[in-house]
1. If ARG16, ARG266 are ordered by their accessible area, calculated over protein heavy atoms with a 1.4 Å probe, which sequence runs from highest to lowest?
2. At 0.36 nm per residue, minus the direct Cα-Cα distance, what do GLU270 and GLU143 gain on full extension? Give it in nm, one decimal, please.
3. At a Förster radius of 35 Å, what calculated FRET efficiency corresponds to the Cβ-Cβ distance of ALA242 and SER132, to the nearest 0.05?
4. Using a Gaussian network for the chain with springs between C-alpha atoms less than 10 Å apart, which of these wobbles most: VAL66, VAL125, VAL90?
5. Solvent-accessible area of GLU186, probe 1.4 Å, all protein chains present, reported in Å² to the nearest ten, please.
6. In region 187-331, what percent of the accessible surface is made up of carbon and sulfur (1.4 Å probe, ligands and nucleic acids excluded)?
7. Taking square-rooted eigenvalues a ≥ b ≥ c of the alpha carbon gyration tensor, is the chain rounded, prolate or oblate, where a/c under 1.5 means rounded and, failing that, a/b exceeding b/c means prolate?
8. Label ALA67 and ALA232 with points 7 Å out from Cα along Cα→Cβ: what is the distance between them in nm?
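The values are calculated or read from the model by the stated rules, or taken from the named source; none is laboratory data. Computed from a prediction, not measured in an experiment: that's the story for all the values here. A quick note on method: Cβ atoms are made from the backbone with ideal geometry, for glycine too, and the neighbour counts reach across all protein chains shown. Note: accessible area is taken over every heavy atom of the protein model, side chains too, but ligands, DNA and RNA are not part of it. Shrake-Rupley method; radii C 1.70, N 1.55, O 1.52, S 1.80 Å.
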Amino acid sequence: MLQPAPFPASRPRRLRQAPWIRSMVAENVLTPADFIWPCFVIDGQDRAEPIASMPGVDRLTIDRLVAQAREARDLGIPAIAIFPYTDPAVKSPGAEEAWNPENLVCRATRAVKAAVPEIGVMLDVALDPYNSDGHDGIVQGNEIVNDETLIALEKQALAQAEAGCDILGPSDMMDGRIGVIRRALEAHDFQNVAIMSYAAKFASAFYGPFRDAVGSGGALKGDKKTYQMDPANTDEALREVAADLAEGADMVMVKPGMPYLDICQRVAAEFRVPTFAYQVSGEYAMLKGAMGNGWIDARIGTLEALMAFKRAGCSGVLTYFALDAARLLRE
Ligand code: PBG
């Protein structure tokens, strides 16, 4: 890299002296178009249920979700990701509810796309909300079985595409899932449905509050280390991304976000494909907890944490701060 002239010819502070000049030389920008808003849906009418470990995030009934989707669109947020809180009574070892066309996410997707067609809807492809074992795949004995799970994921993906989902987000980390889903979409005339693969998804403690939010934490037996990645690994993340792109993923995601910015940066730099980060529930809980206590300034901290993803090379970020951050950016 070119060396700057020695002081005092070079005074870097010249370019920091006022907002106008700082904005003029900013290397990255954050806009509401960078956000995908993950939200939680429950059955019922005109109701919001707070989630204890995620202050400020509620589970919403479909009618409330539609209203929030409208607000998200008005703020310039391009897409939402809908996650269901599933009634434990419909969970099963085979997770059949995952491809019930009348399940909560399919109904929510149809309602949002009917009322707010301009916003993109993304849905997870993974069995954990529907699996009585709490795992993303089907459990047989002590094993989370890969190829049997693929059959279920294909049915789930098709049901969700049929409901009008724009982006499928396979988040289960089974081997070969992107290829199976892409072929199924082609075979059933859903060639415009995009896949954002949760390509480098780590076995992380930072998903704890999410599992409360969707009610899968209590059901989970054991951990997800046989399918989600070891936090020790980087090269393996690149192999996962390469495999998913080769199988037909349009976009890839790294998850969690802030503790894995090195992975975001390497993936974005090496593959030059749309790369997203998921600022997960535990990151939100950490930041929100500190902000709630006044230990971190909420307005500055929210945007600073999100800008980090742009600096790392991400095209965007899934964030529970999406609405708040979009409002802050508008001010
Ligand atoms: C499930 C899924 C998880 C998240 C998104 N999809 C949790 C998990 O893998 O256990 C986590 C999101 C978050 O923590 O905000 N496949």
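1. Values: ARG16 140, ARG266 85 Å².
Ranked from most to least accessible, the order is ARG16, ARG266.
2. Gain on stretching GLU270 to GLU143: 42.3 nm.
3. The value I calculate is 0.55.
4. VAL90
5. We get 100 Å² for GLU186.
6. 52
7. Numbers: a/c = 1.77, a/b = 1.47, b/c = 1.21.
Prolate is the answer for the chain, as a/c is 1.5 or above and a/b outweighs b/c.
8. About 5.0 nm, to one decimal.
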